[in-house]
Amino acid sequence: MTWPSTPIFLLLIGVCGVFGQQSVVSEWWQHAVIYQIYPRTFKDSDGDGNGDLQGIISKLDHMQEMGVDAVWLSPIYPSPQVDGGYDISDYRGIDPIYGTMEDFEELVAKANEKGMRIVMDLVPNHSSDQHEWFQKSVKKEGKYADYYVWRDGRGEDGMEPPTNWNSVFAGPAWTYHPERGQFYLHQFAKEQPDLNFENADVVQEMKDIISFWLEKGISGFRVDAIRHLFEEYKDEPLSNNGDPPNSHGYYEHIYSADQDGTYDMVYQWRKLCDDFTAVNGGEPRILMTEAYTNVKEVMRYYGENDALDGAQFPFNFDLIGLNVETDARDIVLLVHTWFAYMPVGATPNWVLGNHDQHRISTRIGSRLKANMMNMLTSVLPGVMVTYNGEEIGMENGEVTFEQGKDPSGLAAGPEGFDAISRDFERTPYHWDDSDNAGFTESGVEPWLPVSKKYKETNLAKEKVTKASVYQNYKALLELRNTSRALREGTWEIYSINKDGLLVIRKYPGEKSVVFVCHLGVTTKPFEIDLLAYGFQPTNQVFDVIATSVEDKFSSTLELNNSKITVNPNEDYVLLERI
């Protein structure tokens, strides 16, 4: 992460506090809870070991009960499944693994009936090599000849790759195709050739695909791997960061990522979505972009020159970096950094995990600390993004190399699999303590093994356990839906010390919300005097909305002269009584 070096930033570090003005919330997405489902791992309805659309439909009540606003689906398009569905062979279809187009239409309709929206994954950078477009491009058929990035090789025999780039999944980003006699670019697996967005036909094709799904009634897209859309075909310099020579990180990606054309394309897609809404009515259709890059480049997705005419929000992955060493000061600085760079009037968002990252409970060291981070993201202004399973504190599952499906993990071999594979965060959802955790029928082998932890961590158990991760999560979302302080209020965040994190949300004439937690870095309790942080409670009694302290859950907490004592590993979201 790149930190700013202005005097203001240094002052903020000194006081370990960040202050924000009131938020402006006028559209559904600006204070939304977006729930990501990895469909293959969520719920199997037909006993084949794979999650599917009817399985998701059968669990819509779960999402509605939690209080989520939108369900984002990882890819469900037809695919050879080389990369978990991110290798698409038909952008306008549904993979039979997941069901039919009729199933999808039923899902959209039933989600809408329950007050929820469906958001799709859009994967514009690359298709599957099994896509009809690529097969025709190999043969140089008509307009498809230049649908993909083809280049002649280098060297006397023309068999050296056109540039020195490595793919995200390691190894060369170019593969020679003997039938065509050229190299094609694939910034991910070799079965995922990159589309050529310098080609006007490709640009229009993707716009038509966006329109196709908008016509199906979806509420927007999460745009995958967007930073790789355009390239400048030159060798890249070494990063000198110690990564091995065949890795993606071995080079500095000044030509193969973050090119100006990428941002312009996002702005065009935003206009397309806005135009669709203007013609067809209803709520705004949104774009969410995925780019693991530096904060300055990420902010460009909001729009150029603060116009906010790009994505409604680019994903904020700063909290993905939380780990067992994280303390309260780190978190305050992460929050500050986003706001320091975010354009005026833009909407922030907070992401704890996804299908590409180890689960937050595993990364941060415990389900208890993950529960604290759910509390934090629920009380910060803006959008809250939840990966399925975070609401019950699921941890990484157990997957061997032989059981693995992730191409990046398999490419690392048995020795590197544990460090690289993304299979661990994709193991099936824990619905209950029955065989296969209720994900699929007893006796059926799931596509990835169910974690051994499911007997202890499952939704059914957490629904009846006081102060469980789920009970807290549900209470937090209910508060988000009812509290004007959380929707539109001012915000302040402080690190009390290494252990103590404090957030105060206020709105004139409304009940204030206070979040405080002790991260357990040390074993010493601490006391917070709210008056010292500029907050004068109306009275000394607060309703406890969420806490891991079982006897305080859904009860009250009485302050002592505006002071709160917090013991190690305690956390509270408090609602002021006025």
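The values are calculated or read from the model by the stated rules, or taken from the named source; none is laboratory data. Remember, predicted model here, so these are calculated numbers, not experimental data. Here Cβ is always computed from backbone atoms with ideal geometry, including for glycine, and neighbour counts include all displayed protein chains. Quick note on the areas: whole protein, heavy atoms, side chains included, nothing else; ligands and nucleic acids left out. Shrake-Rupley method; radii C 1.70, N 1.55, O 1.52, S 1.80 Å.
Yes or no: segment 251-268 includes at least one residue that is in contact with a strand residue (DSSP E or B) (Cβ under 8 Å, 6 or more places away or on another chain) and open to solvent by 70 Å² or more (accessible area, probe 1.4 Å). Break it down stepwise before answering.
Kept after step one, since they are in contact with a strand residue (DSSP E or B) (Cβ under 8 Å, 6 or more places away or on another chain), are these residues of segment 251-268: 251-252, 266.
Next cut, open to solvent by 70 Å² or more (accessible area, probe 1.4 Å) only: 252.
So far as segment 251-268 goes, yes, one or more of its residues are in contact with a strand residue (DSSP E or B) (Cβ under 8 Å, 6 or more places away or on another chain) and open to solvent by 70 Å² or more (accessible area, probe 1.4 Å).
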Taking segment 362-375, which residues are in contact (Cβ under 8 Å) with a residue 40 or more places away in the chain and not in a helix (DSSP H, G or I)? Gly365
Do you know which residues across segment 60-103 are closer than 18 Å to Asp46 by Cα, hydrophobic (A, V, I, L, M, F, W, C) and within 22 Å of the chain's Cα centre (by Cα)? Leu60, Ile76
Give all pairs with beta carbons closer than 7 Å in which a residue from segment 171-189 that is among the β-branched types (Val, Ile, Thr) meets a residue that is crowded, with 17+ Cβ neighbours inside 10 Å and assigned to a loop (DSSP other than H, G, I, E, B); count only pairs at least 6 apart in sequence or on separate chains. Thr175/His186; Thr175/Lys190
Considering segment 501-540, residues that are at pLDDT 95 or above, among the β-branched types (Val, Ile, Thr) and touching a Lys or Arg at 6+ places or on another chain (Cβ under 7 Å), and then whichever is nearest to Thr490 (Cα to Cα), we arrive at Val513
What do you reckon, is Ala532 open to solvent by less than 50 Å² (accessible area, probe 1.4 Å), farther than 15 Å from Ala328 by Cβ and either in a helix (DSSP H, G or I) or small (Gly, Ala, Ser) (or both)? no
Pairs only if they're at least six apart or on different chains, beta carbon under 9 angstrom, first in segment 290-317 and closer than 17 Å to Gly220 by Cα and assigned to a strand (DSSP E or B), second open to solvent by 40 Å² or more (accessible area, probe 1.4 Å) and not β-branched (Val, Ile, Thr); list them, first residue then second. Pro314/Arg300
Would you mention how many residues in segment 542-578 are in contact (Cβ under 8 Å) with a residue 24 or more places away in the chain, open to solvent by less than 40 Å² (accessible area, probe 1.4 Å) and either within 20 Å of Asn371 (Cα to Cα) or not hydroxyl-bearing (Ser, Thr, Tyr) (or both)? 19
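Which residue is surrounded by the most Cβ atoms within 10 Å (Cβ to Cβ), if the candidates are limited to segment 47-80 and must be of a type in the set (Asp, Glu) and in contact with a Ser or Thr (Cβ under 9 Å, 6 or more places away or on another chain)? Let's see the steps before the verdict.
First, pick out the residues of segment 47-80 that are of a type in the set (Asp, Glu): 48, 52, 61, 65, 69.
Next, from what is left, pick out any that are in contact with a Ser or Thr (Cβ under 9 Å, 6 or more places away or on another chain): 48, 52.
Numbers: Asp48: 15, Asp52: 25.
The qualifying residue surrounded by the most Cβ atoms within 10 Å (Cβ to Cβ) is Asp52.
With respect to Thr482, determine if the residue is farther than 29 Å from Gly67 by Cα and modelled with pLDDT of 95 or more. So that I can check it myself, show each step before the final result.
Working: farther than 29 Å from Gly67 by Cα: no; modelled with pLDDT of 95 or more: yes.
Here the answer is no, as Thr482 does not meet what is asked.
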Pick from Val108, Val168, Val71, Val149: which is touching a strand residue (DSSP E or B) at 6+ places or on another chain (Cβ under 6 Å), under 26 Å from Lys405 (Cα atoms), touching a residue at least 24 places away in the same chain (Cβ under 8 Å) and β-branched (Val, Ile, Thr)? Val71
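Confirm whether Arg154 is open to solvent by 10 Å² or more (accessible area, probe 1.4 Å) and free of Cβ contacts under 8 Å to residues at least 12 places away in the same chain. Steps first, answer last, please.
Numbers: open to solvent by 10 Å² or more (accessible area, probe 1.4 Å): yes; free of Cβ contacts under 8 Å to residues at least 12 places away in the same chain: yes.
For Arg154, the condition - open to solvent by 10 Å² or more (accessible area, probe 1.4 Å) and free of Cβ contacts under 8 Å to residues at least 12 places away in the same chain - is met.
Of all the strands (runs of 3 or more DSSP E) wholly in segment 171-242, which have at least 1 residues that are more than 26 Å from the chain's Cα centre (by Cα) and surrounded by 14 or more Cβ atoms within 10 Å (Cβ to Cβ)? Lay out the reasoning, then the answer.
Values: elements: 174-177, 182-185, 220-223.
So the answer is 174-177, 182-185.
Identify, please: which residue in segment 243-283 is in a loop (DSSP other than H, G, I, E, B), within 22 Å of Pro124 (Cβ to Cβ) and not β-branched (Val, Ile, Thr) and is, among those, farthest from the chain's Cα centre (by Cα)?
To start, the set of residues in segment 243-283 that are in a loop (DSSP other than H, G, I, E, B) comprises 243-247, 252-259, 281-283.
Filter again for within 22 Å of Pro124 (Cβ to Cβ), leaving 253-259.
Then keep just the ones that are not β-branched (Val, Ile, Thr); that gives 253, 255-259.
Numbers: His253: 22, Tyr255: 26, Ser256: 23, Ala257: 20, Asp258: 19, Gln259: 22 Å.
Among those residues, the one meeting the criterion is Tyr255.
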Condition broken by Tyr144, with the remaining ones in (1) outside any helix (DSSP H, G or I); (2) touching a Phe, Trp or Tyr at 6+ places or on another chain (Cβ under 6 Å); (3) open to solvent by 10 Å² or more (accessible area, probe 1.4 Å) satisfied: (1)
Restricting attention to segment 335-361, which residues are in contact (Cβ under 8 Å) with a residue 60 or more places away in the chain, open to solvent by 20 Å² or more (accessible area, probe 1.4 Å) and more than 15 Å from the chain's Cα centre (by Cα)? Phe339, Ala340, Tyr341, Gly345
Kindly check whether there is at least one residue in segment 508-522 that is at positive phi, touching a helix residue (DSSP H, G or I) at 6+ places or on another chain (Cβ under 9 Å) and open to solvent by less than 60 Å² (accessible area, probe 1.4 Å). yes
What pairs can you find where one residue is in segment 467-486 and free of Cβ contacts under 8 Å to residues at least 40 places away in the same chain, the other is open to solvent by 20 Å² or more (accessible area, probe 1.4 Å), and their Cβ atoms are less than 8 Å apart, with a gap of 6+ or different chains? Arg484/Tyr507; Arg484/Glu510; Ala485/Lys506; Ala485/Tyr507; Ala485/Glu510; Ala485/Lys511
Qualifying positions in segment 476-495 - under 18 Å from Val385 (Cβ atoms) and touching a helix residue (DSSP H, G or I) at 6+ places or on another chain (Cβ under 7 Å): Leu476, Leu477, Leu479, Arg480, Leu486, Arg487
Test set (1) open to solvent by 10 Å² or more (accessible area, probe 1.4 Å); (2) at negative phi - Val379 fails condition number: (1)
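So which residues in segment 285-315 are more than 19 Å from Arg270 (Cα to Cα) and open to solvent by less than 30 Å² (accessible area, probe 1.4 Å)? Outline the logic, then answer.
Step one: filter segment 285-315 for residues more than 19 Å from Arg270 (Cα to Cα), giving 292-296.
The answer is Val295, and nothing else.
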